[in-house]
Structure formats: C-alpha cells, structure tokens
Amino acid sequence: MNGGLIFRDRREAGRQLAERLKTYTILDDVLVLALPRGGVPVGYEIARTLNAPLDVFLVRKLGVPGHEELAMGSIATGGVRVLNTDIVNALRIPDWVIEEAAAREERVLEQREISYREGRPAPQIAHRTVILVDDGLATGASMRAAVRALRAQNPAALIVAVPVAAESTCRQLSEEVDAIVCLETPEPLFSVGYWYEDFSQTTDEEVRHLLQEAYDGRRTEEEASKP
C-alpha cells in the first residue's frame, strides 16, 4: 500500500525488532526503556522476547507557542533539555518563553511518571545495558534528549532500537550511543506513521496496561525460579 515496508502495527514492529536484538539475551543486566506513548507497545514485545524488564523514559516536546506542533526543543526525565537552536534562532524565541514552556512540560512529565508507574519504583539505570525504544525516528529530538539524560545516569551500554527512521537521524544518533538498531531507513521517510498500516494513537490506558503486564510477568517468572 505504501510502496515499501509496512508494519501492521507497533506490536508487530516490536516483534520484528526483537529478532534483531536477540543477541542481548545472553546478558542478565538488560533493561528496556520505551518512550511513551508509541514506543511502549514496541518495547513490550522486545522486553518479552529478551526476558528483560520494561519501563518508560519520559520525554516532552517543547512546542513553539501558537505553533505547538513545531518543536523548539525537548525535555527528559532528569532535567535534561535539548533545544532546536535552528528554530530558536530563526524565530528569535526569548529565554523566558523557553523557561515557561519547560516548566509547564516538566509538571506534565512528573504527573505522567506517577500515573504510568502506579507506585512501582523507577528502575536502576547505572551499570546496566539499556535498550531505548521508540516506534520510529524523524528528527530524533525526543530520542536525543532521552539519550543525554540516560548518559548522565552511567549505564553500562546504551542502545537505541527503532523499527524505522530517517537515515540522517540514525547517523547523528550513532555518535551518541553504543549501538543503534533500526530495521529500515527509507528515503524519503515522509513520516514515521507512513510505514505503519495502523498508527492509531497509543492511549495512556494501554501504556499502563502493558507496563503492569510486563511487571507482573517478570514477578511470576522470578517466583517460579525460586527454590
């Protein structure tokens, strides 16, 4: 239908991506972190295949006031901020506008962390092999913010995994991570959603359900393995 690669939905894309990540099953320190909301169904399938814990790592876009679909930057868990300097300089966006947007999005980020985890503790990042997942990359601004925030927490290795991405974005990100795994880098990308048959919005309820299901599954396996 698209004249190229088509994923049926995010779950199928996650299963395909998991096949490329099976080499990580030999490690016992793997943690799968998904960017909500669209990255969570992808990450769920990867975590299940690798028998690894799944959690979220939150990033919020800083939209240009009046044109919120245009990102002037992003913020991530840990207080990391990544600005799109080309947009900021071209539109002459003052610092106070950026600060107001960042404060507003930080409040949303904190609320969503509480909502998604439902009382579960945040995962330990230090000295672990972290696989950071999303449903695709266009500009990569959100992923870049997440990568920089995670680097500050000293993971043993940081791998970015996505089903589809712009080739230039993958090349730029590869300089900031230990590995990047991407199934397809079509040119032109058009948009991430173009490569999915079903790219309907992932809901907060679906995120909570998948995280709880992954957590419960891990606990069941751990209980079963006890002597």
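The values are calculated or read from the model by the stated rules, or taken from the named source; none is laboratory data. Just so it is clear, the model here is predicted, and its values are computed rather than measured. Using ideal geometry, Cβ is built from the backbone for each residue, glycine included, and neighbour counts are taken over all protein chains shown.
Annotation: L21 fulfils all but one of (1) of a type outside the set (G, A, S); (2) touching a helix residue (DSSP H, G or I) at 6+ places or on another chain (Cβ under 9 Å); (3) more than 23 Å from A157 (Cβ to Cβ); the unmet one is (3).
For region 52-73, filtering for residues that are within 21 Å of R117 (Cβ to Cβ) and either of a type in the set (S, T, N, Q) or at pLDDT 90 or above (or both) leaves 7. Contact map, region 155-167: residues that are surrounded by fewer than 19 Cβ atoms within 10 Å (Cβ to Cβ) and aliphatic (A, V, I, L, M) paired with residues that are assigned to a loop (DSSP other than H, G, I, E, B) and modelled with pLDDT of 95 or more, Cβ distance under 6 Å, separation 6+ or inter-chain. Pairs shown: A156/H127; A156/R128; A157/D178.
The residue list V40, V32 contains one member that is in a helix (DSSP H, G or I) and either in contact (Cβ under 8 Å) with a residue 60 or more places away in the chain or within 23 Å of R219 (Cβ to Cβ) (or both), which is V40. In this structure, does T85 turn out to be touching a strand residue (DSSP E or B) at 6+ places or on another chain (Cβ under 8 Å), hydroxyl-bearing (S, T, Y) and at negative phi? No: the conditions fail for T85. Of all residues in region 171-200, those being assigned to a loop (DSSP other than H, G, I, E, B), more than 17 Å from the chain's Cα centre (by Cα), closer than 26 Å to K22 by Cα and of a type outside the set (V, I, T) number 4. Looking across V108, V80, one residue alone is β-branched (V, I, T), touching a residue at least 24 places away in the same chain (Cβ under 8 Å), surrounded by fewer than 22 Cβ atoms within 10 Å (Cβ to Cβ) and over 20 Å from V162 (Cβ atoms). It is V108. With respect to the stated conditions, R48 is closer than 29 Å to I26 by Cα, basic (K, R), crowded, with 18+ Cβ neighbours inside 10 Å and in contact (Cβ under 8 Å) with a residue 12 or more places away in the chain. Across region 200-214, not a single residue is classified as touching a His at 6+ places or on another chain (Cβ under 7 Å) and in contact (Cβ under 8 Å) with a residue 60 or more places away in the chain. Within region 147-170, being part of a helix (DSSP H, G or I) and under 16 Å from the mean Cα position of the chain (by Cα) holds for V147, R148, A149, L150, R151, T169, C170. Taking the criterion of being assigned to a loop (DSSP other than H, G, I, E, B) and either on the phi < 0 side of the Ramachandran plot or touching a Ser or Thr at 6+ places or on another chain (Cβ under 9 Å) (or both), the residues of region 47-82 that qualify are N51, A52, P53, F57, L58, P65, T77. R104: within 18 Å of R60 (Cα to Cα) and out of contact with any helix residue (DSSP H, G or I) (no Cβ under 8 Å at 6 or more places or on another chain), yes or no? When the stated conditions are applied, R104 passes them. Taking the numbered list (1) without any contact (Cβ under 8 Å) to a residue 24 or more places away in the chain; (2) within 13 Å of the chain's Cα centre (by Cα) in turn, R92 passes all entries but (2).
Inspection of region 178-201 identifies at least one residue that is closer than 23 Å to V30 by Cβ, among the charged types (D, E, K, R) and surrounded by fewer than 16 Cβ atoms within 10 Å (Cβ to Cβ).
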